[in-house]
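Okay, so here's the structure we're looking at.
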Amino acid sequence: DAIPSTDQIRVTTSLKSQRGSAWTKNKSIFEYWEVKVTFRVTGRGRIGADGLAIWFTEEQGLEGPVFGAADKWNGVGIFFDSFDNDGKKNNPAVIIVGNNGKLLYDHQNDGSTQALASCQRDFRNKPYPVRVKITYYQKTLTVLINNGFTPDKEDYEFCAEVEDMVLPSQGYFGISAATGGLADDHDVLSFLTFQLTEPGKAVSTPDAEIPQKDKEKYQEEFEHFQQELDKKKEEFQKEHPDVQGQPGKITCAFFLTADDLFETVSDRELRQIFEGQNQIHLEIKQLNRQLDMILDEQRRYVSAVTDEIAKRGAGFPGQQGQVSQQEIETVVKTQEEVIRQVNEMRNSVADTLKLISGAQHPGSAAGIYETTQHFNDIKEHLHVVKRDIEHLVQRNMPSSEKLKCPDLPPFPSCLSTMHFLIFVAVQTVLFIGYIMYR
């Protein structure tokens, strides 16, 4: 029942009792491999069925009862099971099941008795396509999944892993799906297969495996490409006579080596170090700007305290002046503590800048944490100063000048008996309508 098109394969449509599959025509000879599959599972119901499967088997899977493919396969199947057959409320789920060609799939228990590994993931009706990365390397099968909540294609998360898993050295890749009493649309948008090799190990491609006709065809294409390249070189030399006699520069205009296309481990580490130091530098600049704002606010508070001392000291001698003097001393001590914290923060920022200018590895996260702590301490002290000043102003203000909140006018009742009964009736009708809808 699979329907291919130019941009996807609808493995099954959202009709009851459908089965569909798609398989590679030739066997894969990869010892280690990686598969990236992009698909959608969509349906109108809250529950879907039956599910979708990704296969690597020794033989092509014909039509059968296991998610649209044949049972007793020799290889592995990664099942995206939508329907909860055993009633344990653990679906939708991703299940890895291996088979040696003799076992029957335990469909009634959702393969739980045969599962090598599994994880619960809801892959139905997502805003973006679901992406799966399956890696088989050195007898370890790993499944990563992107649930389709974001457009980021590389936002994978770990799902399951099976160690010491022996798969056929050669096999077919395939994908299948099936529906039952419930139905979903199972659409496959892409199926990419990659060969994995051990570092430093050459890929074995014996010439005997390439037919003689293909060899002649490839050689002819290579010679044609070489002639086109020579023509391009001649045209380039005619258009740029100033680089005549400098074949090195012309060659660089047309060729890139593998070292230019792929960065080495040391280059990647240096790039990460550089990016980390740039990030630290930007954070410290932001801290400097915040520090300047704090100092400006501190100066405003100091000037306000000075003005208040001048006013209250001249107008209110005696007992009030003595009490105010004690409070002012407390404020001044708090100001000194704030200034000390500001100086410590400046010293910390200066030390961090020195570390950035001379360090060769991004390891100054502790300095940023300590600076942030200083910044939080300063904000707390500023709040204490603000409260002290407000208390000082209110304490020294004459009782006749203290602000009083105006009395509110009598507030009329906005809810009559008739309005209340109408509101209850409308709410009851809406509630009964909602229950009927559910």
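The values are calculated or read from the model by the stated rules, or taken from the named source; none is laboratory data. Since we're looking at a predicted model, the values are computed, not measured. Please note: Cβ atoms are built from the backbone with ideal geometry, for glycine as well, and neighbour counts cover all protein chains shown. These accessible areas exclude ligands, DNA and RNA; they are computed on the full protein's heavy atoms, side chains included. Shrake-Rupley method; radii C 1.70, N 1.55, O 1.52, S 1.80 Å.
For the reader, a short list of remarks on this structure follows.
- Additional length obtainable on full extension of the chain from Q212 to E344, 0.36 nm per residue less Cα span: 39.7 nm
- The range 3-197 - percent relative contact order, Cα under 8 Å, separation 6 or more: 39
- Pairwise FRET efficiency - Q427 versus Q108, Cβ, R0 = 45 Å, nearest 0.05: 0.45
- Label sites at T140 and D307, each approximated as a point 7 angstrom past Cα along Cα to Cβ, lie 6.9 nm apart.
- Each of Q237 and A22 was given a label point 7 Å from its Cα along the Cα-to-Cβ line. The distance between the two points is 4.9 nm.
- Each residue of the range 95-218 gets 204 Å³ once the volume of the Cα convex hull is shared out per residue.
- If the chain linking Y32 and F194 were pulled fully straight, counting 0.36 nm for each residue of separation and taking away their Cα-Cα distance, it would gain 57.4 nm.
- FRET efficiency, 1/(1 + (r/R0)^6) with R0 60 Å, evaluated for T417 and D155 via beta carbons: 0.55
- Averaged per residue, the range 3-197 has 48 square angstrom of accessible surface, using a 1.4 angstrom probe with ligands and nucleic acids left out.
- Karplus-derived HN-Hα couplings along the range 159-166 (A = 6.51, B = -1.76, C = 1.60, θ = phi - 60°), whole Hz, x at Gly and Pro: 10, 7, 8, 10, 9, 6, 9, 9
- Summed over all non-identical Cα pairs, the Kirkwood treatment of the range 3-197 gives a radius of 16.5 Å.
- Net length gained if the chain between D7 and Q170 were fully extended (0.36 nm per residue, minus Cα distance): 55.9 nm
- Taking the protein heavy atoms of the range 96-245 in the context of the full set of protein chains, the accessible area attributed to carbon and sulfur is 49 percent at 1.4 Å.
- At an R0 of 35 angstrom, the distance between the Cβ atoms of L295 and L270 translates into a FRET efficiency of 0.40.
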